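*Asks:* Would you mind keeping the following structure in view while I ask a few things?
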Amino acid sequence: MDAYRAYTKHVNPGLGGLLELTGRDIKLVSGKGGVLEDDQGRRYDDWVSGFGSLNLGHNPDPVKAALRKHLDSDAPNLYVENLNPAAGELAERLLAAAGPSFGTVFFSNSGSEGVEAAIKTAIAATGRPRILYADGAYHGTTLGALSCMAKGPYRQDFERVLAPFQEIPFGDAAALEQELQRGDVAAFLVEPIQVESGVRIATTGYLREARELCRRHGALLMFDEVQTGMGRTGTLFAWQGVNVVPDVFVLAKSLGGGLMPIGATLIGGELWKKAFGSYRRAELHNSTFGGNALACRAALATLDVIADPKFLAGVRERAEQLFGDLTQALSGCALVEGLTWKGLLGGIRLNEGTHPWLQSENLGLKELEGAPVAGLLLVERLARRQILVQLCGHDWSVVRVEPPLTVDADACSRFAGAVGEAARWLEKNA
């Protein structure tokens, strides 16, 4: 058995089957920038980008060079029981980019871990027991983060053991105020853009009102920027684009340049000290590999590229081209309900047709009976064109648009043309 088949048999059989269903059971052997190559020499445009982990594309040269330099130096890959200069340097760089409202960075290995750190810091610093989160949220699958997950299959088997945090409607400031008035809320955790719920974008007015309400009622405002951070929306952090400063925000995914796992929770002012500032409390929340030197060197090299104002201006310019082309390509297509986007992050919402092809049970997928199918079919049609895309985790009627931030104009034109042709083919045949 080859290693590819072993993945489906021994690592994740369900995912392996889904990849086969959508034409993405591909034996990939190399990746560079936004292009992947399989064992037959076929090339694929990657528009999944590791769900936002590959903002610099596959194997970015600056990050590879930084990793080689660190490994060749035989410097210790320091963990939490030592002073770690790489973590210190990265923390200073992140805090300088975020501004004077922030004072501490907790390093972890993933977005879920970063959210766990935010939740625990909020509870410990305020002495309050409740976290509010928005319907449609996706904050991770560890138990603390899962307690802030939208209702549905990700959490339903674990409800009985999850913390009793409170879900409120996304974008509803009145509902937020009603819960805050109870006086027991430690923090409101929210994504500036709910990617997995169909790329739902919080309005600037809503985020500003949430900022004021949390301040007025003594609760923290916490942003999950695991997918929206690191240049994805055209500013280094999404909150900078709307000028709403949170008390805490979480980064991960692309912070490690797509090569090293690392998460970072940036914490305002004296909050960390309030939560864990004494000698006895200094290690109450910890992560053995969090902020290890190798991961920090990758993150520093990534910041060198993405934090450059010229790079961010390029992201905004490419976004205008891409979504302008997509809007034109999909104009008048009845299959498409709408297109939302900000920076190089977007979602194509599809209508479900009446053809038997658009019924899960008629595709041999009785397990998925009632689930949207148009998105799966569009994914499969694009895979035939050697373009790899994916759906939103909570809403399979939305195809996510999330290329590397380094995507070029030709790749954008190919993508828009292929999506337009695939959508119109489905419209005609379904």
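*Asks:* Pull up segment 406-430, narrow it to residues that are surrounded by 20 or more Cβ atoms within 10 Å (Cβ to Cβ) and in contact with a helix residue (DSSP H, G or I) (Cβ under 7 Å, 6 or more places away or on another chain), then point me to the one that is nearest to D325 (Cα to Cα).
*Replies:* By that ranking, first place goes to A416.
*Asks:* Here is a further query. Can you report the number of residues in segment 52-88 which are among the hydrophobic types (A, V, I, L, M, F, W, C) and touching a Lys or Arg at 6+ places or on another chain (Cβ under 7 Å)? Even if it seems obvious, please write down each step before you answer.
*Replies:* In the first step, residues of segment 52-88 are kept if they are among the hydrophobic types (A, V, I, L, M, F, W, C); the result is 54, 56, 63, 65-67, 71, 75, 78, 80, 83, 86-87.
Cutting the leftovers down to touching a Lys or Arg at 6+ places or on another chain (Cβ under 7 Å) gives us 66-67, 86.
Looking only at that region, the number is 3.
*Asks:* Need the failing condition index for A96 against (1) out of contact with any Pro (no Cβ under 7 Å at 6 or more places or on another chain); (2) in contact (Cβ under 8 Å) with a residue 12 or more places away in the chain, just the number.
*Replies:* Here A96 meets the rest and fails (2).
*Asks:* Which condition number does G314 fail, the rest of (1) surrounded by fewer than 20 Cβ atoms within 10 Å (Cβ to Cβ); (2) assigned by TED's automatic domain parsing to the domain that holds E89 being met?
*Replies:* Going through (1) surrounded by fewer than 20 Cβ atoms within 10 Å (Cβ to Cβ); (2) assigned by TED's automatic domain parsing to the domain that holds E89 one by one, G314 breaks only (2).
*Asks:* Is it fair to say L19 is in a helix (DSSP H, G or I), assigned by TED's automatic domain parsing to the domain that holds E283, under 25 Å from G111 (Cβ atoms) and aliphatic (A, V, I, L, M)? First the steps, then the outcome.
*Replies:* Values: in a helix (DSSP H, G or I): yes; assigned by TED's automatic domain parsing to the domain that holds E283: no; under 25 Å from G111 (Cβ atoms): yes; aliphatic (A, V, I, L, M): yes.
When the stated conditions are applied, L19 does not pass them.
*Asks:* Now a separate question. Kindly indicate whether F158 is in contact with a Cys (Cβ under 8 Å, 6 or more places away or on another chain), among the hydrophobic types (A, V, I, L, M, F, W, C) and either at pLDDT 95 or above or closer than 19 Å to S254 by Cα (or both).
*Replies:* Details: in contact with a Cys (Cβ under 8 Å, 6 or more places away or on another chain): no; among the hydrophobic types (A, V, I, L, M, F, W, C): yes; either at pLDDT 95 or above or closer than 19 Å to S254 by Cα (or both): yes.
When the stated conditions are applied, F158 does not pass them.
*Asks:* Of the numbered conditions (1) in a loop (DSSP other than H, G, I, E, B); (2) under 19 Å from I267 (Cα atoms), G234 satisfies every one except a single condition; which is it?
*Replies:* Tallying (1) in a loop (DSSP other than H, G, I, E, B); (2) under 19 Å from I267 (Cα atoms), G234 fails exactly one: (2).
*Asks:* Looking only at residues that are among the polar types (S, T, N, Q) and modelled with pLDDT under 95 in segment 336-376, which one is nearest to R200 (Cα to Cα)? First the steps, then the outcome.
*Replies:* Filtering segment 336-376 down to residues among the polar types (S, T, N, Q) leaves 340, 351, 354, 359-360, 362.
Retained after the next criterion (residues that are modelled with pLDDT under 95): 351, 354, 359-360, 362.
Details: N351: 17, T354: 26, Q359: 26, S360: 25, N362: 30 Å.
Across segment 336-376, the extreme among qualifying residues is N351.
*Asks:* A further question on this structure: Taking into account only those residues within segment 108-130 that are of a type in the set (A, V, I, L, M, F, W, C) and farther than 28 Å from G50 by Cα, which is nearest to the chain's Cα centre (by Cα)? Let's see the steps before the verdict.
*Replies:* Initial filter on segment 108-130 (of a type in the set (A, V, I, L, M, F, W, C)): 115, 117-119, 122-125.
Remaining after also requiring farther than 28 Å from G50 by Cα: 122-125.
Values: A122: 22, I123: 24, A124: 26, A125: 26 Å.
Among residues in segment 108-130 that are of a type in the set (A, V, I, L, M, F, W, C) and farther than 28 Å from G50 by Cα, the one nearest to the chain's Cα centre (by Cα) is A122.
*Asks:* Only one of G343, G277, G324 is without any contact (Cβ under 8 Å) to a residue 24 or more places away in the chain and assigned by TED's automatic domain parsing to the domain that holds V399. Can you tell me which?
*Replies:* Numbers: G343 fails: without any contact (Cβ under 8 Å) to a residue 24 or more places away in the chain; G277 fails: assigned by TED's automatic domain parsing to the domain that holds V399.
Going through G343, G277, G324 in turn, the sole match is G324.
*Asks:* Between A186, A145, which is surrounded by 20 or more Cβ atoms within 10 Å (Cβ to Cβ), within 25 Å of G229 (Cα to Cα) and over 22 Å from the mean Cα position of the chain (by Cα)? It would help to see each step written out before you state the result.
*Replies:* Values: A145 fails: over 22 Å from the mean Cα position of the chain (by Cα).
Answer to the check: A186.
*Asks:* A further question follows. I want to confirm something. Restricting to segment 329-354 and keeping residues that are assigned to a loop (DSSP other than H, G, I, E, B) and hydrophobic (A, V, I, L, M, F, W, C), which single residue is surrounded by the fewest Cβ atoms within 10 Å (Cβ to Cβ)? Let's see the steps before the verdict.
*Replies:* First, the residues of segment 329-354 that are assigned to a loop (DSSP other than H, G, I, E, B): 331-335, 342-345, 351-354.
Among the residues that remain, those that are also hydrophobic (A, V, I, L, M, F, W, C) are: 333-335, 344-345.
Working: C333: 17, A334: 11, L335: 21, L344: 26, L345: 26.
By that ranking, first place goes to A334.
*Asks:* If I filter segment 71-107 down to residues being over 15 Å from I267 (Cα atoms) and polar (S, T, N, Q), which single residue comes out as farthest from the chain's Cα centre (by Cα)?
*Replies:* Among those that are over 15 Å from I267 (Cα atoms) and polar (S, T, N, Q), it is S73.
*Asks:* Output the residues belonging to segment 211-227 that are crowded, with 24+ Cβ neighbours inside 10 Å and out of contact with any Phe, Trp or Tyr (no Cβ under 8 Å at 6 or more places or on another chain).
*Replies:* Selection gives V226 alone.
*Asks:* Right, next: With segment 29-131 as the region, which helices (runs of 4 or more DSSP H) entirely inside it contain at least 1 residues that are buried (at least 20 other Cβ atoms within 10 Å of the Cβ) and not assigned by TED's automatic domain parsing to the domain that holds Q390?
*Replies:* Details: elements: 49-52, 61-73, 85-98, 111-126.
The qualifying helices (runs of 4 or more DSSP H) are 61-73, 85-98, 111-126.
*Asks:* Could you please let me know if S287 is in contact with a strand residue (DSSP E or B) (Cβ under 8 Å, 6 or more places away or on another chain), among the small types (G, A, S) and closer than 20 Å to A124 by Cα? Walk me through it before giving the result.
*Replies:* Working: in contact with a strand residue (DSSP E or B) (Cβ under 8 Å, 6 or more places away or on another chain): yes; among the small types (G, A, S): yes; closer than 20 Å to A124 by Cα: yes.
The answer is yes for S287.
*Asks:* Sticking with this one: Collect the residues in segment 135-188 that are closer than 23 Å to A124 by Cβ and either charged (D, E, K, R) or not assigned by TED's automatic domain parsing to the domain that holds A275 (or both), keeping them in residue-number order.
*Replies:* E167, E179, R182, D184
*Asks:* Those residues that are of a type in the set (A, V, I, L, M) and more than 14 Å from D224 (Cα to Cα), I need them from segment 245-279; list them, please. Before the answer, list the steps.
*Replies:* From segment 245-279, those of a type in the set (A, V, I, L, M) are 245, 248, 250-252, 255, 259-260, 262, 264, 266-267, 271, 275; that's our starting set.
Listed by number, the residues that qualify are L259, M260, I262, L271, A275.
*Asks:* Another one. Return the pair list, or none, for Cβ contacts closer than 7 Å from residues in segment 223-238 that are free of Cβ contacts under 8 Å to residues at least 40 places away in the same chain to residues that are assigned to a loop (DSSP other than H, G, I, E, B) and among the aromatic types (F, W, Y), at least 6 apart or on different chains.
*Replies:* That search, which allows pairs on different chains as well, returns E225/F237; G229/F237.
The values are calculated or read from the model by the stated rules, or taken from the named source; none is laboratory data. As the structure is a prediction and not an experimental result, all values here were calculated from the model. So basically every Cβ, Gly included, is an ideal-geometry build from the backbone, and we count neighbours across all protein chains shown.
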